[in-house]
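Every read-out reported here was derived from the displayed coordinates using simple, explicitly stated rules and does not represent laboratory data. Remember, it's a predicted structure, so these values are computed and weren't measured experimentally.
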Amino acid sequence: MVLTAPPPPSGIRPVTPGRTHSLRSPLRTRIVPTAAPTAPGPQAQYHSAATRAVVPGRPAYANALLSSREIDVLRAWLYCDSKIGVAATLHIALGTVNTHLTRIRIKYSAVGRPAPTKAALVARALQDGIVALDDL
């Protein structure tokens, strides 16, 4: 008897270290290089400053270490008129949207960059290169 692994779900392809892959989200497609395999750690879970565009003359801000899903929710919320629209766009519950936004605010506060309002979150997203001014 020969045992084989089941095929991956439709639309999911394995990531090969050292190659460039296209990451698709409902809002934008980004091309990012994958790193060579390293020891597992917290960096594997979060976007680092290296995945964002480096703009000369831009001041360096403390990194809030948002997860990729938190970044997707933040972008969707900045582009949509309501949290209900975000939930419908990302196919998640309204409570999940609220949880992600609460965690985003907590992470920004933890690094000394509080964002209690949507306007403050827009400013943080612009500062961190998560969104561009032309996108808003």
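At the listed q of 0.29 Å⁻¹, the Debye profile of segment 68-136, built from one uniform point per Cα, gives log10 I(q)/I(0) equal to -1.44. Find the centroid of the Cα atoms in segment 101-136 and in segment 80-96, then give the distance between the two in whole Å. Using only Cα atoms, the two centres lie 18 Å from each other.
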